[in-house]
Amino acid sequence: MTESEFLNVSDALFERIQSALDAAGAEVESLLQGNVLELEFDDGSKVIVNRHVPNSEMWLAGKSGGFHFRQDASGNWLDTRDGGEFFARLATMISQQSGQAFCF
């Protein structure tokens, strides 16, 4: 994937996250600045979604730890360590930190 393609795909990923939060009425403040989407919860905790352009990876960080995801040939974002899916992992992190069920 070229850098330009990665930027387009990751922009769509950021938009999907923000749209899902809006649609769910989640009590989460989101702020996108450059390569970083910061999700802040009522208790002050955060989940950080970061696109890492040099490796064409998406990174997640929150209370439960840090994770790196790479897109496979089918377009799925999978954890580079355990094969977990990006949106499932992010939904779990959002649910845990917000105290409310959340899914994509």
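FYI, it's all coordinate maths here, none of it is from the lab. Remember, it's a predicted structure, so these values are computed and weren't measured experimentally. Positions of Cβ are generated from backbone atoms using ideal geometry, with glycine treated the same way; all protein chains shown enter the neighbour counts.
For the chain, the dipole from Cβ point charges (+1 on Lys and Arg, -1 on Asp and Glu) about the Cα centre works out to 260 debye, to the nearest 20. Between E85 and A23, full extension at 0.36 nm per residue minus the direct alpha carbon distance yields a gain of 20.2 nm. Taking the C-alpha atoms only, the angle from helix 86-98 to the longest principal axis of the chain is near 20 degrees.
List the GluC sites (Glu not before Pro) within the stretch 11-43 that DSSP assigns to loop and that have no more than 14 neighbouring Cβ atoms inside 10 Å.
Working: sites: E15, E27, E29, E38, E40; in loops: E27.
Listed in order of number, the matching sites are E27.
Label positions at D72 and C103, each projected 7 Å from the Cα along the C-beta direction, are separated by 2.0 nm. The stretch 57-104 to the stretch 13-44: how many Å between their Cα centroids? Each part reduced to its Cα centre gives a spacing of 14 Å.
The calculated P(r) of the stretch 1-89, using every Cα pair and 10 Å bins from 0, goes 16, 51, 29, 3 in percent.
Show that you can apply the helix-only estimate: for the chain, add -39,500 (n - 2.57) for every DSSP H stretch of four or more residues, divide by all residues, and state [θ] at 222 nm to the nearest 500. Don't skip to the answer; put the middle values down first.
Values: 2 runs with 35 residues, N = 104.
Mean residue ellipticity at 222 nm (helix-derived): -11500 deg cm²/dmol.
Working from Cα positions, state the angle (0 to 90°, nearest 10) between the long axis of helix 3-24 and the longest principal axis of the chain. Helix 3-24 and the main axis of the chain meet at about 20 degrees.
Restricting the chain to trypsin sites (Lys or Arg not before Pro) that sit in a DSSP loop and have at most 13 other Cβ atoms within 10 Å of their own Cβ leaves K63, R81.
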